[in-house]
Ligand code: SF4
Ligand code: SF4
C-alpha cells in the first residue's frame, strides 16, 4: 500500500522523551517519600501534602471552616491548580505525562508485553461497567472526607502505601493500600494501567472535567490505512481508528497512538481552531507548566516542602488540632504545645527520659510497646477534654 510514511525516528524520540520525564518525576517523588521516612537533615512533608487529590478532599473543609484537613497543605491545592491548568490545554495530561503511580503501572505493562508479547483486554461489557468504579470511588471518598473531616482514603490509598514502603507502618496502617498497590502492579502486567482505568479517583475527577481541554487527538480518515496500530498502542483501549477525534474521558493524553501511526499527518494533536502541536511538545509544555506553577508557589509560600512539627503548625495556624500530631513529633513537642505535664506522658506510655525526646513513632516501635501514634492523639484529646 502506498502512503507517505511518518518520521519513525521522531516518533521514537517522542516516546523516549515522555518515558524519561515520567521516570524523572517518579524518581523525584520516590526520593521525597524515602527522605520523609529516613530524613537526611531535611524531612520533606508527607505524601498527602504532595498529592493533588488532597486539594479535592480538603476543599469543603477549607471553604466552610477556613481550615484544611489534617495532613493536607497548600501544596495540595497548588498541585490541584497545576493539574487543572494542564487540563485546560491537554485534558488528562497529568495522568499520561506526569503521574508517578501511572508510570509504575506503565512499567509493569511494558514488562508484561516483554514477557507475553501481548496484552489482554476485559470483555467490552465488563470493561465498560468496571470503568464506572472509579467514579464511585471518587464520590464515596470525597463525600466521606467532606462529611467526616478526615482523609478517609488514606489507609486504602496505594500511593500513600508506596510512600511508606520502607516504613514500619506499611503492614499495619497501610496494609489495604499496599494490597491494592500490589494488585495494580500485577494487574497492569496483563491489562495495562489497571488502577488508572478502573479505580483512580483523580483520573475520574479529570475525566469529569475532560471537556475543558482544547487539544485532542484527531484522525484524518482520508489518509488512514486502517492498520489499527493506534488501537494496539493505546494503554486505555480506546479505538482510535474508528473515531474522527478522541473525545473519550478515558484518554490520558499519552499520545502513544500518534507515535504509533505509520502514515504521516494522519493522527495529530489539534484544536477546533486547527492549531496543532507535536506529541513531544505536549510532554514538554506539560512538565514546564507544572514546574512553573510549583516554582512560583514555592517562592510565594504556597508550597510546603518541609514537614512541620506540631509546634510549627499550631504557631502558624493559631489553632491546635490533636490530629496533626505526627509520629515524627517528639513527646517534648506535644507536651510543650499542649501544656500537658511531662510526667503524665512518661507514666501513660512508660517512657524513659530519653524516649521523651525521641519521635513518637520511635518509642512506639520499641520492643514490647503496644501503642501507636494514634493512642497519643487520643490521650491528648482526653487530657484536654476534647473528646
Ligand atoms: S487515545 Fe491516544 S493519547 Fe489517548 S490514551 Fe489512547 S494512546 Fe494515549
Ligand atoms: S495507526 Fe490508526 S490512524 Fe494511523 S493509519 Fe493506522 S489505523 Fe489509521
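The values are calculated or read from the model by the stated rules, or taken from the named source; none is laboratory data. Just so it is clear, the structure is predicted and the values come from calculations on it, not from any experiment. Neighbour counts run over all protein chains shown; Cβ positions are idealised from the backbone, glycine included.
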Practice task
Inspect segment 165-172 for any residue being in the same structural domain as residue 25 (by TED's automatic domain parsing), away from ligand 2 (no atom under 11 Å from the Cβ) and not in a loop (DSSP other than H, G, I, E, B) and give the result as yes or no.
Solution key: no
Exercise for the section: With the condition kept exactly as written, say whether any residue in segment 286-301 is out of contact with any helix residue (DSSP H, G or I) (no Cβ under 7 Å at 6 or more places or on another chain), closer than 22 Å to residue 69 by Cα and part of a loop (DSSP other than H, G, I, E, B). Expected result: yes
Handout entry: Where a residue in segment 217-231 is over 20 Å from residue 278 (Cα atoms) and its partner, wherever it lies, is assigned to a helix (DSSP H, G or I) and near ligand 2 (Cβ under 6 Å from one of its atoms), with Cβ under 7 Å and at least six apart
Key = 226/241; 228/241
Completion exercise
Of the listed residues (263, 246, 293, 253), the one being at positive phi and touching a residue at least 24 places away in the same chain (Cβ under 8 Å) is 253
Completion exercise
Here the residues within segment 266-302 that are more than 27 Å from residue 254 (Cβ to Cβ) and modelled with pLDDT under 95 are 301, 302
Practice task
Give the residues of segment 219-242 that are surrounded by 15 or more Cβ atoms within 10 Å (Cβ to Cβ) and either assigned by TED's automatic domain parsing to the domain that holds residue 105 or near ligand 2 (Cβ under 10 Å from one of its atoms) (or both), sorted by residue number.
Solution key: 219, 224, 227, 229, 230, 231, 232, 233, 234, 240, 241
Fill in the blank from the handout: Among the residues of segment 121-131, the number that are exposed (fewer than 11 other Cβ atoms within 10 Å of the Cβ) and in a loop (DSSP other than H, G, I, E, B) is 1
Practice task
Scan segment 29-44 for residues that are assigned to a helix (DSSP H, G or I) and loosely packed, with under 12 Cβ neighbours inside 10 Å and report the count.
Solution key: 1
Practice task
Taking residue 101 as the residue in question, decide whether it is surrounded by 23 or more Cβ atoms within 10 Å (Cβ to Cβ) and either in the same structural domain as residue 157 (by TED's automatic domain parsing) or under 23 Å from residue 144 (Cα atoms) (or both).
Solution key: yes
Fill in the blank from the handout: For segment 220-240, the count of residues that are touching a strand residue (DSSP E or B) at 6+ places or on another chain (Cβ under 7 Å) and either near ligand 1 (Cβ under 10 Å from one of its atoms) or farther than 12 Å from residue 267 by Cβ (or both) equals 2
Exercise for the section: Take segment 353-363 and flag every residue that is within 20 Å of residue 308 (Cα to Cα) and part of a helix (DSSP H, G or I). Expected result: 356, 360, 361, 362, 363
Practice task
Report yes if some residue within segment 3-23 is within 14 Å of the chain's Cα centre (by Cα) and crowded, with 19+ Cβ neighbours inside 10 Å; otherwise report no.
Solution key: yes
Handout entry: Enumeration of residues in segment 321-352 that are in contact (Cβ under 8 Å) with a residue 40 or more places away in the chain and either assigned by TED's automatic domain parsing to the domain that holds residue 69 or part of a loop (DSSP other than H, G, I, E, B) (or both)
Key = 321, 325, 326, 327, 328, 340
Practice task
Output the residues belonging to segment 33-50 that are in contact (Cβ under 8 Å) with a residue 40 or more places away in the chain and either touching a strand residue (DSSP E or B) at 6+ places or on another chain (Cβ under 6 Å) or outside the structural domain of residue 152 (by TED's automatic domain parsing) (or both).
Solution key: 36
Fill in the blank from the handout: Reported set for segment 21-40 where residues are farther than 20 Å from residue 155 by Cα and in contact with a helix residue (DSSP H, G or I) (Cβ under 9 Å, 6 or more places away or on another chain) is 21, 22, 23, 24, 25, 26, 27, 28
Handout entry: Given (1) more than 15 Å from the chain's Cα centre (by Cα); (2) modelled with pLDDT of 95 or more, index of the condition residue 28 fails
Key = (1)
Exercise for the section: Could you tell me which numbered condition residue 72 fails, if it satisfies all but one of (1) part of a helix (DSSP H, G or I); (2) touching a residue at least 40 places away in the same chain (Cβ under 8 Å); (3) crowded, with 20+ Cβ neighbours inside 10 Å? Expected result: (1)
